[in-house]
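The values are calculated or read from the model by the stated rules, or taken from the named source; none is laboratory data. Values in this document were obtained by computation on a predicted structure and should not be read as measured data. Ideal geometry is used to build each Cβ from the backbone, glycine not excepted, and the neighbour counts take in all protein chains shown.
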Amino acid sequence: MRIGLLTGGGDCPGLNAVIRAVVRKGIDGHGDALIGFRDGWRGVLEDSFMELTIESTRGILPRGGTILGSSRTNPYKRDDGVERVRATFAGQNLDGLIAIGGEDTLGVANRLNEDGLHVIGVPKTIDNDLGATDVTFGFDTALQVATEAIDRLHTTAESHNRILVVEVMGRTAGWIALHSGIAGGADVILIPEIPFDIDEVCRLIRRRHERGRYFSIVVAAEGAVPKEGTTMTLAAGEMDEFGHPRLGGIGYALEREIEQRTGFETRATVLGHVQRGGTPTAFDRVLATRLGLRAIDAAHEGAWGMMTALRSADIELVALADAVADVKRVPAQEYARYGVLFG
Ligand code: F6P
């Protein structure tokens with residue numbers, strides 16, 4: 001078979017491990033020819049690609065980012081997008097394409113499949129917000145980075161009797177915030193799914209002071225929002241060129257608000273893209289490898305329109321349509337379970 005590969009959306013640690021696994025199994029296991037499109041769907045639209053061989057993918061397993069480059073280009077946002085994708089498939093004589101991406105990239109993969117093109121998906125994102133898979137690779141690495149940052153902030157917060165606010169990524173899902181906050185022993189965790197009450201945040205911090213703990217760690221997801229009616233000044237939301245809200249800023253808003261309301265010295269740290277960069281954890285390398293191996297086999301089974309997914313301990317195939325139907329968010333009961341640890 002002749003199979004194309006692409007990585008789309010925000011990069012995340014483990015993408016190269018998938019590419020390597022697909023190439024190794026494709027060439028040595030199935031006798032395939034593989035090409036990699038550059039910069040996500042942009043490479044397919046412009047027929048910009050590179051040959052992928054065992055040699056060209058050597059040494060990439062532990063490397064963060066993606067050797068193929070990535071973008072948020074969406075063929076459905078161009079009038080001639082789908083025709084151009086068809087033309088590339090035909091010109092390249094492709095039997096199919098493996099798209100490694102999150103909600104947006106796999107949403108495109110699903111629509112292309114409905115339009116009759118042969119596409120298989122592999123789920124990735126640090127946000128862990130894709131349905132139909134227990135976890136996405138990249139999440140574990142982001143979690144490690146955020147947890148280590150919280151550990152480091154803990155010691156300096158304690159030395160200076162400060163309130164330290166840590167803003168983490170996650171878009172509209174609070175997985176990174178909740179899990180890193182629990183792992184790092186945060187005193188307050190704010191997630192997008194549950195609008196927060198700033199009075200309650202300050203009450204928890206004051207209670208710690210009353211109990212003789214003069215520092216606190218507040219972990220806030222970038223998408224955390226105050227309850228309706230709260231008087232808090234927030235930065236006006238910007239959009240990126242693909243129509244996604246550009247998140248971020250809640251950490252600094254909380255810094256101002258907590259200091260003003262409690263009188264305790266408060267500082268914010270925004271972890272930002274540090275969470276997405278660098279080498280993947282062992283867990284993410286193994287998961288990415290398993291997903292890649294299954295994806296190339298799925299192509300040989302003709303399982304177009306499917307996505308590889310981790311379900312319990314197994315890698316299974318699920319419909320792309322199911323995976324992109326809903327964003328997977330933190331359930332309210334899951335968050336409530338940890339309430340006893342706050343403050
Ligand atoms: O989806 C991954 C992610 O890192 C989100 O957590 C974050 O909101 C977004 O991408 C940032 O995107 P960009 O790198 O385009 O600013």
Where residue 315 falls short, out of the listed (1) within 20 Å of the chain's Cα centre (by Cα); (2) without any contact (Cβ under 8 Å) to a residue 60 or more places away in the chain; (3) not assigned by TED's automatic domain parsing to the domain that holds residue 111: (3)
Residue, farthest from residue 105 (Cα to Cα), within the stretch 125-135, restricted to residues that are among the β-branched types (Val, Ile, Thr) and within 10 Å of the ligand (Cβ to nearest atom): 126
Lone qualifier among 19, 3 - being on the phi < 0 side of the Ramachandran plot, in a strand (DSSP E or B) and surrounded by 24 or more Cβ atoms within 10 Å (Cβ to Cβ): 3
Yes/no for residue 55 being out of contact with any Pro (no Cβ under 7 Å at 6 or more places or on another chain), outside any loop (DSSP other than H, G, I, E, B), away from the ligand (no atom under 16 Å from the Cβ) and on the phi < 0 side of the Ramachandran plot: no
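List the helices (runs of 4 or more DSSP H) inside the stretch 237-343, counting only whole elements, that have at least 3 residues being under 24 Å from residue 166 (Cα atoms).
Per the criteria, 250-262, 332-337.
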Selection count where residues are in a helix (DSSP H, G or I) and in contact (Cβ under 8 Å) with a residue 24 or more places away in the chain, scope the stretch 119-151: 12
Residues located in the stretch 204-222, provided they are touching a Ser or Thr at 6+ places or on another chain (Cβ under 9 Å) and either at positive phi or part of a loop (DSSP other than H, G, I, E, B) (or both): 215
Test set (1) on the phi > 0 side of the Ramachandran plot; (2) under 11 Å from the mean Cα position of the chain (by Cα) - residue 175 fails condition number: (1)
